[in-house]
1. Based on what the data block shows, is Ala6 hydrophobic (A, V, I, L, M, F, W, C), closer than 22 Å to Val129 by Cβ and either at pLDDT 90 or above or surrounded by 13 or more Cβ atoms within 10 Å (Cβ to Cβ) (or both)?
2. Which residues, counting only those in the stretch 85-140, are more than 23 Å from Leu17 (Cα to Cα) and modelled with pLDDT under 80?
3. Does the stretch 59-67 contain at least one residue that is of a type outside the set (Ser, Thr, Tyr) and in contact with a helix residue (DSSP H, G or I) (Cβ under 7 Å, 6 or more places away or on another chain)?
4. Considering only residues that are of a type outside the set (D, E, K, R), over 24 Å from Val124 (Cβ atoms) and not in a loop (DSSP other than H, G, I, E, B), which ones fall in the stretch 48-68?
5. Hey, Thr72 hits all of (1) in contact with a strand residue (DSSP E or B) (Cβ under 6 Å, 6 or more places away or on another chain); (2) of a type in the set (S, T, N, Q); (3) closer than 28 Å to Glu25 by Cβ but one; which does it fall short on?
6. Please list, ordered by first then second residue, the pairs with beta carbon atoms under 7 Å, 6 or more apart or interchain, first in the stretch 18-38 and surrounded by 15 or more Cβ atoms within 10 Å (Cβ to Cβ), second assigned to a loop (DSSP other than H, G, I, E, B) and aromatic (Phe, Trp, Tyr).
7. From the list Leu55, Leu50, Leu36, exactly one residue is touching a helix residue (DSSP H, G or I) at 6+ places or on another chain (Cβ under 9 Å) and within 19 Å of Pro135 (Cα to Cα). Which is it?
8. Of the residues Arg45, Arg15, Arg71, only one is free of Cβ contacts under 8 Å to residues at least 12 places away in the same chain and in a helix (DSSP H, G or I); which?
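The values are calculated or read from the model by the stated rules, or taken from the named source; none is laboratory data. Bear in mind the structure is a predicted one, so any value in this text is a computation, not a measurement. Cβ sites come from the backbone with ideal geometry, for glycine too, and all protein chains shown count toward neighbours.
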Amino acid sequence: MKILAAVDGSPCTKRMLAYLAAHDEWLGAHHEYTLLHVVAPVPARPAAVLDRTVLKAYYDESAEKVFKPIRTFFARQKLNAAFTAKVGAAGQTIAEVADKGHYDLLILGSHGHGPLTNLVMGSVATKVVANCTVPVLLIR
């Protein structure tokens, strides 16, 4: 199975990894894993005055902070995984990567905010589910 896991380094990501570790059916060499982290873009005006290499270094560094403990987790589990970082709006970008990559499953940690909070603030998980054709496993 080709699995995409969206990660952000939050406690939700840690719960998702704990869930994977506790359920042998999700871990194993018979699955192909890609870990995706979406970095929020620097606003247009500040980005316009920054050197492209500085901006790219910022995005790469931000992603690597999230990926470092996850790389350790996958190494402990003796599993290979691809690590991909994208810049953009999280919900839309995750859904696009999942659809274009022809994944069998998208695993996503969810903060589990109530409906009122989602109505006011929106939710990455809600946006992903609404815009993604790939089956989504939400871990709360």
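1. Details: hydrophobic (A, V, I, L, M, F, W, C): yes; closer than 22 Å to Val129 by Cβ: yes; either at pLDDT 90 or above or surrounded by 13 or more Cβ atoms within 10 Å (Cβ to Cβ) (or both): yes.
When the stated conditions are applied, Ala6 passes them.
2. Hits for the stretch 85-140 are Pro115, Leu116, Thr117, Asn118, Leu119, Val120, Met121, Gly122.
3. To start, the set of residues in the stretch 59-67 that are of a type outside the set (Ser, Thr, Tyr) comprises 60-61, 63-67.
Add one more test, that the residue is in contact with a helix residue (DSSP H, G or I) (Cβ under 7 Å, 6 or more places away or on another chain), and what stays is none.
Checked against the condition, which is being of a type outside the set (Ser, Thr, Tyr) and in contact with a helix residue (DSSP H, G or I) (Cβ under 7 Å, 6 or more places away or on another chain), the stretch 59-67 yields no hits at all.
4. Step one: list which residues in the stretch 48-68 are of a type outside the set (D, E, K, R), which gives 48-50, 53-55, 57-59, 62-63, 66-67.
Of the ones still in play, those that are also over 24 Å from Val124 (Cβ atoms) are 48-50, 53-54, 57.
Answer for the stretch 48-68, where residues must be of a type outside the set (D, E, K, R), over 24 Å from Val124 (Cβ atoms) and not in a loop (DSSP other than H, G, I, E, B): Ala48, Val49, Thr53, Val54, Ala57.
5. (1)
6. Cβ pairs passing all conditions: Leu20/Trp26.
7. Details: Leu55 fails: within 19 Å of Pro135 (Cα to Cα); Leu50 fails: within 19 Å of Pro135 (Cα to Cα).
Unique residue meeting the criteria: Leu36.
8. Values: Arg15 fails: free of Cβ contacts under 8 Å to residues at least 12 places away in the same chain; Arg71 fails: free of Cβ contacts under 8 Å to residues at least 12 places away in the same chain.
Criteria check complete, one pass: Arg45.
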